[in-house]
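Each remark here refers to the structure printed beneath this line.
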Amino acid sequence: MATQRHFSQERAMSSSLPDHNHPNDPSLFDTGRLKDGRIIFDTETPATGTPEKQIPQILPPAERVGFAIMGLGRLTLEQILPAFAESGLARVVALISGRREKAETVARSHGLTASDIFGYDEIHLLSERPDIQAVYVVTPNAFHAEQVEALAAAGKHVLCEKPMANTSEEAERMVAACQKAGVKLMIAYRCHYEPLNRAVVHLVQSGELGQPRLIEAVNTQFQQGADQWRLNPGLSGGGALPDIGLYCLNGARAVLLEEPGMVFAQMVSPPDDPRFTDLDETFSFMMRFPSGVIANCTTSYGAYECKDLRIRLQKGWIELENAFAYGGQRLRVARREGNHESISEWRLPPSNQFTLELDHFADCIRRDVIPRTPGEDGVKDQKLMEALYRSARTGQMITLDGS
């Protein structure tokens, strides 16, 4: 007992000493150093070593931004709730659902109580919960506008799943409501936070490979089932285009940092498949940008899965495999070096896009800054999709306002 007591006292004394109090102590490279309340590790490594990933910022649970999740469907249960478990800046403090029994089951699994569950008709009660600072809206597109307006009136910041709404008029209402209430509105364009997608934007914008000339973006999947809400035009606002084709559209805009001046589209739906009587199964479109870049994009509910992005530039090309997927991204970059072509593959540690997205919005709330993908960005995409549908219906090239 005396030996154990002596050891504890010795440890307590040593904990108050500087990191370096003896020549044989580990260096700051190994133990880390404190900076602005965070533990930072130096990342210098030998030329043959792999740079170490910095420890993410992690706040005590009580200091994290409190979120309510609205909608407890597949995306929430399979992706978003696990992402919160990895977050260091955000935490789930409430659920909003139209199915009380289901919400109670989810709540028990995540340490929430019956008082943390709200119905869709109880959004106004959120104003009585100061620990709920933001709401992640994960409901069908047709409900977004009314729900976001109610959340803004309750004084809550909003992270809204894409597509932002069914129409640009609804999207503009959402932006206006949040501006009037003084709350932030961010659209959940998760690819903007995925590291290799961000690397592509940086590489294109750096000019290292010259000016871009062509973009090819494909997002396809074989859609099964007939009774899901995404195949109900009243709930989804469209078929493959707003659901998965939006990634191609938004991705091209993000890479170029400019808006298209002209668009042209073609839409095909199998006549013998009743699921697509009023919906697009396959949608192909072209966007021409003022810089001269042409983006050719294809999306489909009837083709085997492909989620790739390719960019052809003056001095090389960029290919991002699984660009729009939840994971599995692989980046290859080709460039001319003397009399030969060099192709390199970029590898980064895997990361959860949803967690990065959540932490970004939580950080924006804490620091009171505009999110990287604000509501205004979603409005632009809604207007572009409406122009693309007009082109597909008329067979005409559409010149956009302001081009």
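For the stretch 207-221, the set of residues classified as under 15 Å from ASP280 (Cβ atoms) and surrounded by fewer than 20 Cβ atoms within 10 Å (Cβ to Cβ) consists of GLN221 only.
Here LEU235 clears all of (1) out of contact with any Asp or Glu (no Cβ under 8 Å at 6 or more places or on another chain); (2) crowded, with 18+ Cβ neighbours inside 10 Å except the condition numbered (2). Between MET164, MET174, the distinction of being open to solvent by less than 20 Å² (accessible area, probe 1.4 Å), part of a loop (DSSP other than H, G, I, E, B) and of a type in the set (A, V, I, L, M, F, W, C) belongs to MET164 only.
Would you call ARG129 open to solvent by less than 50 Å² (accessible area, probe 1.4 Å), in contact (Cβ under 8 Å) with a residue 12 or more places away in the chain, among the basic types (Lys, Arg) and assigned by the TED database to the domain that holds CYS178?
yes
Specify which of the listed residues (GLY402, GLY375) is farther than 26 Å from ASP308 by Cβ and at pLDDT below 95.
Values: GLY375 fails: at pLDDT below 95.
After applying the criteria, what remains is GLY402.
For residues in the stretch 270-292 being part of a loop (DSSP other than H, G, I, E, B) and of a type in the set (S, T, N, Q), which is least open to solvent (accessible area, probe 1.4 Å)? Taking the candidates together, the pick is SER291.
Here the stretch 92-121 is the region considered, the condition is being assigned to a helix (DSSP H, G or I), of a type in the set (D, E, K, R) and in contact (Cβ under 8 Å) with a residue 12 or more places away in the chain, and the residue that is nearest to ALA152 (Cα to Cα) is ASP116.
Could you pull out the residue among ALA295, ALA325, ALA303, ALA265 that is part of a strand (DSSP E or B), farther than 20 Å from GLY395 by Cα and among the small types (Gly, Ala, Ser)? Checking each option against the conditions leaves just ALA303. Being more than 28 Å from the chain's Cα centre (by Cα) and part of a loop (DSSP other than H, G, I, E, B), is that true of even one residue in the stretch 367-383? No, the stretch 367-383 has no match at all.
Examine the stretch 82-91 for a residue that is among the aromatic types (Phe, Trp, Tyr) and assigned to a helix (DSSP H, G or I), and state whether such a residue exists. Yes, the stretch 82-91 has at least one match. Within the stretch 172-200, the residues that satisfy the criterion of being more than 19 Å from ASP359 (Cβ to Cβ) and hydrophobic (A, V, I, L, M, F, W, C) are MET174, VAL175, ALA176, ALA177, CYS178, ALA181, VAL200. The residues listed here are THR139, THR220; of these, the one that is in a loop (DSSP other than H, G, I, E, B) and of a type in the set (Ser, Thr, Tyr) is THR139. HIS202 meets the conditions (1) under 21 Å from the mean Cα position of the chain (by Cα); (2) not hydrophobic (A, V, I, L, M, F, W, C); (3) not in a helix (DSSP H, G or I) in every case but one. The failed one is (3). Within the stretch 360-392, the set of residues being open to solvent by 30 Å² or more (accessible area, probe 1.4 Å) and in contact (Cβ under 8 Å) with a residue 24 or more places away in the chain comprises HIS360, ASP363, ARG366, ILE370, ARG372, GLU376, LYS380, LYS383, GLU386, TYR389.
From the list PHE283, PHE324, PHE276, the lone residue that is among the aromatic types (Phe, Trp, Tyr), touching a Cys at 6+ places or on another chain (Cβ under 7 Å) and closer than 28 Å to SER391 by Cβ is PHE324.
The values are calculated or read from the model by the stated rules, or taken from the named source; none is laboratory data. If you're wondering where the values come from, they're calculated on a predicted model, not measured in any experiment. Neighbour counts run over all protein chains shown; Cβ positions are idealised from the backbone, glycine included. For accessibility, only protein heavy atoms count, side chains too; no ligands or nucleic acids. Shrake-Rupley method; radii C 1.70, N 1.55, O 1.52, S 1.80 Å.
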